[in-house]
Amino acid sequence: MPIATQIKPRLAAFAVIRAMFEEGRRLRERFGETGVYDFSLGNPDAPPPESFRRRLAELAAEPGLDHGYAPVAGLPEARAAVAERLGAEQGLPVPAETVVMTVGASGALNVLLRVLCDPGDELVVPAPYFVGYENYAFLAGARLVPAATDGRFHLDPAAIASALGPKTRAVLINSPNNPSGAVYGAAELAALGSVLEEASRRLGRRIYLLADEPYRAITYGAAPAPVFPAYAHSILVNSFSKDPGLAGERLGYLAVHPGAEDAAQIAEAAAAVNSMMVVHAPAFFQRAMARARGIGVDVAHYRKRRDLLCEVLASAGYAFVPPEGAFYVFPQAPMADDRRFAELLRAERILVSPGSAFGVPGHFRLSFAVPEATIRGAAEGLRRARAAALREAGRPGG
Ligand code: PLP
């Protein structure tokens, strides 16, 4: 087979996910779209505002619109718009020179890991974590090192401290979190900043903090605390995928704290690696975003679904931490084997992702970027699958 030996193990992991999608497709063919309750995808379902769609049409109709290559770090107006937005969000001036426009948040993370990591370097990630991180680390030759979180999936600075070592290059955090919905506050970020400062000094090597925040605007209580004031050696990653809901258009960015060690070199290297990988981010959408300042996702759309799903899960007897942000819930599975539990749910035509895919077995993830009818329709199946799991685990009363 002409597939490189080094990529084969990741392809095997991919095949497991593909098999899940295939099973979903087969179920939909058999029972119809409304006969399957698919909570397995993180595809935003709140449409971008109508005003933005009008702006797109205006932009596309502009005479002389430039369809040529753009600067590899991004169009100056797009970088300036992002820098302005980040200045307000982070509470300190962010120069456009340390912003690089990328192909989504995943593009930004892939670029950053290539820039920062030598083969064998370690990337510490609080668990549970987004499944993509394992792939990005793998492609950069880095090793993902999970660190436990607390009982509500918030940061445990002591657990992170003990995961740091001479090979640690960066810590990667994600708030609001996929899959747990945790939104980190100022105190836990400040505690993490102190841990990283102390460890960098002790290990004689700068440890960077990467903050992946594509769900930043989707919260149901307090907004995520800004990361830059907590640790100067931070790099923000964000995208326009979940907010305002343009996942298919593939636009994101990274922004290096201007006071980070070697900030200018990192930003320059990121632009260069971005050009090596994909040349640059989509120019049309950079122009559109630069003009459409202030547009955002309709959080009420997700809040309604969150409240409904929490109600359904609670009345079916599941234990879970209500999500503070993003559009996922991460309940405890009623049996230790979360893959088996996902099978029991599938027998009820309910599709979820097992917690072990996110580094925390014994749980499962539901995305509530789905129609309300899907949530209501799954209520009975969720109840039955829980009862079946408890019977299998020998705890029929629950
Ligand atoms: N980071 C997290 C936590 C995500 O959940 C996702 C997508 O689901 C991404 C990054 C990738 O997003 P993008 O579409 O911006 O590449």
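The values are calculated or read from the model by the stated rules, or taken from the named source; none is laboratory data. If you're wondering where the values come from, they're calculated on a predicted model, not measured in any experiment. Backbone-built Cβ (ideal geometry, glycine too); neighbour counts: all protein chains shown. Note: areas computed on protein heavy atoms with side chains; ligands, DNA, RNA excluded. Shrake-Rupley method; radii C 1.70, N 1.55, O 1.52, S 1.80 Å.
Per the Debye formula on identical point scatterers at the alpha carbon atoms of region 109-155, with no solvent, log10 I(q)/I(0) at q = 0.15, 0.26 Å⁻¹ is -0.38, -0.88. Computed over Cα pairs, the Kirkwood radius of region 66-291 leads via Stokes-Einstein (0.692 mPa s, 37 °C) to a diffusion coefficient of 190 µm² per second. Relative to the dominant Cα principal axis of the chain, helix 104-116 is inclined by about 60°. Taking the accessible area of the chain, probe 1.4 Å, and keeping the other protein chains in place, the carbon and sulfur fraction comes to 55%. The chymotrypsin sites (Phe, Trp or Tyr not before Pro) found in region 60-159 that occupy coil by DSSP, while having at most 15 further C-beta atoms within 10 Å, are Tyr69. Picking from Ala271, Ala73, Ala314, which is most flexible by a Gaussian network model of the chain using Cα springs under 10 Å? The residue that fluctuates most here is Ala314. Comparing His257, His233, His67 in a Gaussian network model of the chain (Cα springs below 10 Å), the most mobile by mean-square fluctuation is His67.
Relative to the longest principal axis of the Cα atoms of the chain, the long axis of helix 186-203 lies at roughly 60 degrees. For region 66-291, DSSP calls about 35 percent of its internal beta bridges antiparallel.
When the alpha carbon gyration tensor of the chain is reduced to an equivalent ellipsoid, the three semi-axes, largest first, read 34, 26, 20 Å.
Comparing Cα centroids, region 307-330 and region 97-115 end up 32 angstrom apart. The protection proxy used here, the mean number of other Cβ atoms lying within 10 Å of each residue, ranks peptides 183-191, 299-307 as follows, highest first: 183-191, 299-307. Kirkwood analysis of region 85-208, using all unique Cα-Cα pairs, places the hydrodynamic radius at 15.3 Å.
The value of relative contact order for the chain, using C-alpha pairs under 8 Å at least six residues apart, is 22 percent.
How high is the relative contact order of region 168-226, in percent, with contacts defined as C-alpha pairs under 8 Å that are six or more residues apart? It rounds to 52 percent for region 168-226. Close amide H pairs (under 5 Å, H built 1.01 Å from N) link Arg143 with Gly120, Asp121, Glu122, Leu123, residues at least 5 positions away or on another chain.
Note that region 1-131 shows a convex hull volume over its alpha carbon atoms of 257 Å³ per residue. For the pair region 248-274 / region 19-87, the C-alpha centres are spaced 22 Å from each other. Here the 3J(HN,Hα) profile of region 275-285, calculated from phi with Karplus coefficients 6.51, -1.76 and 1.60 at θ = phi - 60°, is 5, 5, 7, 9, 6, 6, 6, x, 6, 4, 6 Hz, Gly and Pro shown as x.
Calculated mean residue ellipticity at 222 nm for the chain: -14000 deg cm²/dmol, from DSSP H runs with n ≥ 4 weighted as -39500 (n - 2.57), summed, divided by the residue count and rounded to 500. When you restrict to C-alpha pairs under 8 Å that are six or more residues apart and normalise by the size of region 43-176, the relative contact order lands at 18 percent.
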